[in-house]
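The values are calculated or read from the model by the stated rules, or taken from the named source; none is laboratory data. Predicted model only: the values in this text are computed from it and were never measured. Cβ atoms come from the backbone with ideal geometry, glycine included; neighbour counts cover every protein chain shown. Surface accessibility is based on the protein's heavy atoms, side chains included, excluding ligands, DNA and RNA. Shrake-Rupley method; radii C 1.70, N 1.55, O 1.52, S 1.80 Å.
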Amino acid sequence: MYPLVSVVIPVYNVEKYLSQCLDSIIGQTLKNIEIICVDDGSTDKSLEILKQYKEKDSRITIVRQKNLHAGIARNNGLKKAQGKYISFLDGDDFFDSTMLEEMYKKAEEDQSDIVVCEYFRYDNKSNKTTEHIKINKNFVKISPFSFKNIPNRLSGICHPNPWTKLFRKDLFTKNNLLFDGTPYFNDFTCVMTALSIADKISIINKPFIYYRTNQNNNLTNISQKEHNLDVNIQVITSLYNNLKRLNVYDTYKNWFKEKVKITFDNNQSEQDKDKIKSNLPSEIFDIIVGKDNTPLVSIITPIYNTKIEYIEKCINSILQQTYKNIEIILIDDNSTMYNYDYIASISPKIKFIKNNVNLGCSKNAKKGFNIAKGQYIIKVDSDDFIDCTLIE
């Protein structure tokens, strides 16, 4: 009898956490599963631990490869998978015991291609959950749904990780979906492509995964690598090729443009610009240098002693707009009660200006108009917030 769910686990030097990971899968309330562990050339005792668990549980299969990173490990695990559905978990994280059963039941009930759940951040030092990462209910009102009907919200509801999702296996096999072979960001293209082509996506508003933080994570630690140009080029090109190959590029074109602009700002060195131009399709390069003809909208928000919780809600409502080609001009009119300087770090879209004297609302609006680069302008008061579709 074929398993209902195949769990694929890339494993690389996670001996400290691997037992907790494997125990959480072996102890699932859904028993008809297979567990495919892909050792990515570990140099610690991870492989030895895998062998010990395999002796105890016949559902475990071990695949070995040289160190090619988590994306290739997942691909090799997929080749072995026989389940109707696929679940992914990193070797240093762990599942709630009911996760696979509840996700499977939801997939079968809705006949969904993908089921998405929530997760906990789990602090490695305190061994406690620190944050419940929820699905954004403001972006999707019904379940199941398809992003084909709301293409500009493709990044809106959840993180582009594989482990908060249960996938129908034939979504991969029929569409030739593979993870990238990059050292990191290797899940982004595959997951976003899967979300873009799925006809039915279901949501479970429960946290089932414990995502470990605050440790030296050999598999996913990218704190020093977040802006690696070569990886960004490869990942964006891979996503572009997938969307084109599967005939959904036109559907998600506006969303893709926004993703490109966030990945490659136009303040690169001349050497980096040459590399980008040489290695990216011309259509993507035109987006980076502003030749894509998408009108820019400037949002002007004067601030004067606005409560922190109000201004944060206001800014979040602007950043969550379905129309993405925006700039945000915040003008602090010499506030005396709060320091808003940190707001500029929230997003590269934000231009933060601080007055040395109090000018008043109308003069601040005029100041914003003079600075704005947008073809269109909208003013939003800092103690208000707007619907996510307003600008579009």
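Within the stretch 199-288, which helices (runs of 4 or more DSSP H) (wholly inside it) include 1 or more residues that are surrounded by 13 or more Cβ atoms within 10 Å (Cβ to Cβ) and either modelled with pLDDT of 95 or more or among the basic types (Lys, Arg) (or both)? I'd like the intermediate steps shown before the answer.
Values: elements: 229-245, 253-263, 270-279, 282-288.
It comes to 229-245, 253-263, 270-279.
Considering only the stretch 1-33, state which residues are polar (S, T, N, Q) and not in a loop (DSSP other than H, G, I, E, B).
Step one: list which residues in the stretch 1-33 are polar (S, T, N, Q), which gives 6, 13, 19-20, 24, 28-29, 32.
Those that are polar (S, T, N, Q) and not in a loop (DSSP other than H, G, I, E, B): Ser6, Ser19, Gln20, Ser24.
Condition (residue is among the acidic types (Asp, Glu), part of a helix (DSSP H, G or I) and either farther than 30 Å from Leu229 by Cα or in contact with a helix residue (DSSP H, G or I) (Cβ under 9 Å, 6 or more places away or on another chain) (or both)) applied to the stretch 303-315: is it met by at least one residue?
Applying the first criterion (among the acidic types (Asp, Glu)) to the stretch 303-315 yields 309, 312.
When the remaining residues are screened for being part of a helix (DSSP H, G or I), the result is 309, 312.
Checking the rest, the ones that are also either farther than 30 Å from Leu229 by Cα or in contact with a helix residue (DSSP H, G or I) (Cβ under 9 Å, 6 or more places away or on another chain) (or both) come to 309, 312.
Taking every residue of the stretch 303-315 in turn, at least one turns out to be among the acidic types (Asp, Glu), part of a helix (DSSP H, G or I) and either farther than 30 Å from Leu229 by Cα or in contact with a helix residue (DSSP H, G or I) (Cβ under 9 Å, 6 or more places away or on another chain) (or both).
Which ones in the stretch 1-32 are β-branched (Val, Ile, Thr) and either over 15 Å from Ser97 (Cα atoms) or open to solvent by 10 Å² or more (accessible area, probe 1.4 Å) (or both)?
Val8, Ile9, Val11, Val14, Ile26, Thr29
Determine whether Ala194 is touching a Phe, Trp or Tyr at 6+ places or on another chain (Cβ under 7 Å), surrounded by 22 or more Cβ atoms within 10 Å (Cβ to Cβ), among the aliphatic types (A, V, I, L, M) and under 30 Å from Asp387 (Cβ atoms).
Details: touching a Phe, Trp or Tyr at 6+ places or on another chain (Cβ under 7 Å): yes; surrounded by 22 or more Cβ atoms within 10 Å (Cβ to Cβ): yes; among the aliphatic types (A, V, I, L, M): yes; under 30 Å from Asp387 (Cβ atoms): yes.
Taking the combined requirement at face value, the residue satisfies it.
Go through the stretch 34-72 and report how many residues are over 21 Å from Leu100 (Cα atoms) and within 25 Å of the chain's Cα centre (by Cα).
The qualifying residues number 8.
Would you mind finding the one in Lys105, Lys66 that is open to solvent by 50 Å² or more (accessible area, probe 1.4 Å), in contact with a Gly (Cβ under 9 Å, 6 or more places away or on another chain) and either at pLDDT 95 or above or not hydrophobic (A, V, I, L, M, F, W, C) (or both)? Steps first, please.
Working: Lys105 fails: in contact with a Gly (Cβ under 9 Å, 6 or more places away or on another chain).
None of the others qualify; the one that does is Lys66.
Pull up the stretch 336-380, narrow it to residues that are part of a loop (DSSP other than H, G, I, E, B) and buried (at least 16 other Cβ atoms within 10 Å of the Cβ), then point me to the one that is modelled with the highest pLDDT. Quick ask: steps written out before the conclusion?
Taking the stretch 336-380 as the starting set, the residues that turn out to be part of a loop (DSSP other than H, G, I, E, B) are 336-340, 346-349, 355-360, 372-375, 380.
Now restrict to residues that are buried (at least 16 other Cβ atoms within 10 Å of the Cβ): 340, 349, 355, 359, 372, 374, 380.
Details: Tyr340: 81, Lys349: 85, Asn355: 88, Leu359: 85, Ala372: 88, Gly374: 86, Val380: 94.
Restricting to residues being part of a loop (DSSP other than H, G, I, E, B) and buried (at least 16 other Cβ atoms within 10 Å of the Cβ), the top hit is Val380.
Table: residues versus (1) assigned to a loop (DSSP other than H, G, I, E, B); (2) of a type in the set (D, E, K, R); (3) over 19 Å from the mean Cα position of the chain (by Cα); (4) loosely packed, with under 15 Cβ neighbours inside 10 Å.
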| position | (1), (2), (3), (4) |
| --- | --- |
| Cys117 | no, no, no, no |
| Tyr122 | no, no, no, no |
| Lys125 | yes, yes, yes, yes |
| Glu131 | no, yes, no, yes |
| Ile135 | yes, no, no, no |
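Restricting the search to the stretch 199-210, which residues are over 16 Å from Glu109 (Cα atoms) and among the aliphatic types (A, V, I, L, M)?
Ile209
Please determine, by comparing only the residues of the stretch 172-189 that are open to solvent by less than 40 Å² (accessible area, probe 1.4 Å) and without any contact (Cβ under 8 Å) to a residue 60 or more places away in the chain, which one is farthest from the chain's Cα centre (by Cα).
My answer is Thr189.
Going through the stretch 316-335 one residue at a time, which ones are of a type in the set (Val, Ile, Thr), outside any loop (DSSP other than H, G, I, E, B) and open to solvent by less than 10 Å² (accessible area, probe 1.4 Å)? First the steps, then the outcome.
To start, the set of residues in the stretch 316-335 that are of a type in the set (Val, Ile, Thr) comprises 318, 322, 326, 328-329, 331.
Those still in the list that are outside any loop (DSSP other than H, G, I, E, B) too: 318, 326, 328-329, 331.
Residues satisfying the conditions are Ile318, Ile328, Ile329, Ile331.
Residues in the stretch 138-147: is at least one surrounded by fewer than 22 Cβ atoms within 10 Å (Cβ to Cβ), touching a residue at least 12 places away in the same chain (Cβ under 8 Å) and under 19 Å from Pro10 (Cβ atoms)? Can you show your working first?
Of the residues in the stretch 138-147, the ones surrounded by fewer than 22 Cβ atoms within 10 Å (Cβ to Cβ) are 138-146.
From what's left, touching a residue at least 12 places away in the same chain (Cβ under 8 Å): 138-140, 143-146.
Pick out the ones that are also under 19 Å from Pro10 (Cβ atoms) and you get none.
No, every residue in the stretch 138-147 fails to be surrounded by fewer than 22 Cβ atoms within 10 Å (Cβ to Cβ), touching a residue at least 12 places away in the same chain (Cβ under 8 Å) and under 19 Å from Pro10 (Cβ atoms).
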